[in-house]
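What follows is a single structure, written as structure tokens, with notes after it.
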Amino acid sequence: MRDRVPVVVQGSGRRGRRAGLAGVLWAGAELIVTLGVVVLLLVVHQVWWTNRQAAAAAQEQVQALESAWGGDAGHAPDPVPVPIGSADSGASAGPADPAVSGAPPGETETPGPAASRSPRPAARPPAWDQAYAVLRIPRLGLVVPVAQGIDKRAVLDKGYAGQYPGTAGPGAQGNFALAGHRNTHGEPFRYINRLRAGDEVVVDVRGRRYTYVVGKILSETSERDTGVIAPVPRSLVKPDYGYSEPGAYITLTTCTPEYSSKYRLVVWGTLKSA
């Protein structure tokens, strides 16, 4: 009887290790592809879908405002503007409710002869996230609602322009200062870098139209440069940019560069004389 000689298969362990490594690599590749698809979907949602939703809702709000105003926006004569009171407290001591009285925040009705004999009591101010005006920039084809406050969720993410608390009302002496997204959520201020001196910026508030003329642009400043929204706007970071005399100003601010919030882009304008 012959002895059996064991047969040794060379490389079987090596092939097994290679197969295991290939499986790990394949699983890792699948995971990377899956994560890439998820990230892509998140980007599409953030950049495209939020824009679509916010822009559509903002236009519906514009239509609702104009419908409530009875289609008279921009045709009635402008009243004499007065300075706005502090918006920090949200008190009703100064601004009237534009939905009730027709006067924008920071402005009171100009009384006629009868009204002067029987003054109208002040109404409550609008809610901080309530749209009360429409901003129009003809050069950009932009039409967007304006609400009080700059809270992201309550105002800016709706595709609105938000009024900085404590700044002047439309048409009033001081600085009517607004913020808006440059990217995502309707991105109403995406192209304000294209504005040039002499371009018009129009604000409608229930039968009143205020037209500002772009005068100066600050292409980049710190997010903490509060001087740009001061009553007489002037950069604290770049003092060569801004104004030195009291007047009726408008300020538009947004993030720069695009898809970043590192700096701020600022556009200033002055109220056009009637």
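Just so you know, all these numbers are worked out from the coordinates, no wet-lab data involved. Everything quoted here is computed from the prediction, not taken from an experiment. Virtual Cβ from ideal backbone geometry, glycine too; neighbours counted across all protein chains shown.
Amide hydrogen proximity for Thr256: with H placed 1.01 Å from N in the peptide plane, the residues at 5 or more positions away or on another chain lying under 5 Å are Lys262, Tyr263, Arg264, Leu265. Amide H contacts under 5 Å for Gln130: Gln148, restricted to partners 5 or more places along the chain or on a different chain, H placed in the peptide plane at 1.01 Å from N. Cross-link partners for Lys152 among the lysines, with Cα-Cα distance under 24 Å and sequence neighbours closer than 8 places in the same chain left out: Lys262. By the scheme Lys and Arg +1, Asp and Glu -1, what is the net charge of all other residues having a beta-carbon under 13 Å from that of Glu187? Spelling it out: positives minus negatives among the neighbours equals +2. Dividing the radius of gyration of the alpha carbons in the range 201-251 by their Kirkwood radius gives 1.03 for Rg/Rh. Centre-to-centre separation between the Cα atoms of the range 143-166 and those of the range 243-270: 15 Å.
Taking other Cβ atoms within 10 Å as a rough exposure proxy, Leu21, Leu178, Leu135, Leu140 sort from fewest to most as Leu21, Leu140, Leu135, Leu178.
Considering all different alpha carbon pairs of the range 143-274, the Kirkwood hydrodynamic radius works out to 14.5 Å. Shown is the FRET efficiency for Leu236 and Ala197, computed with R0 = 22 Å from the Cβ-Cβ distance and rounded to the nearest 0.05: 0.45. Rounded to the nearest whole Hz, the Karplus-based 3J(HN,Hα) values (6.51 cos²θ - 1.76 cosθ + 1.60, θ = phi - 60°) of the range 252-265 follow the sequence 10, 10, 7, 6, 8, x, 4, 6, 8, 10, 5, 10, 10, 9, with x at glycine and proline.
Taking other residues whose beta carbon is less than 14 angstrom from the beta carbon of Gln53, and scoring Lys, Arg as +1 and Asp, Glu as -1, yields 0.
Entry note: the range 135-211 has Rg to Rh equal to 0.94, where both radii use alpha-carbon atoms and Rh is the Kirkwood radius. Computed extension gain for Lys272 through Gln59, at 0.36 nm per residue and net of the alpha carbon distance, reaches 74.1 nm. If you take the square roots of the eigenvalues of the alpha-carbon gyration tensor of the range 135-179 and sort them as a ≥ b ≥ c, do you get rounded (a/c under 1.5), prolate (a/b over b/c) or oblate? Verdict is oblate for the range 135-179.
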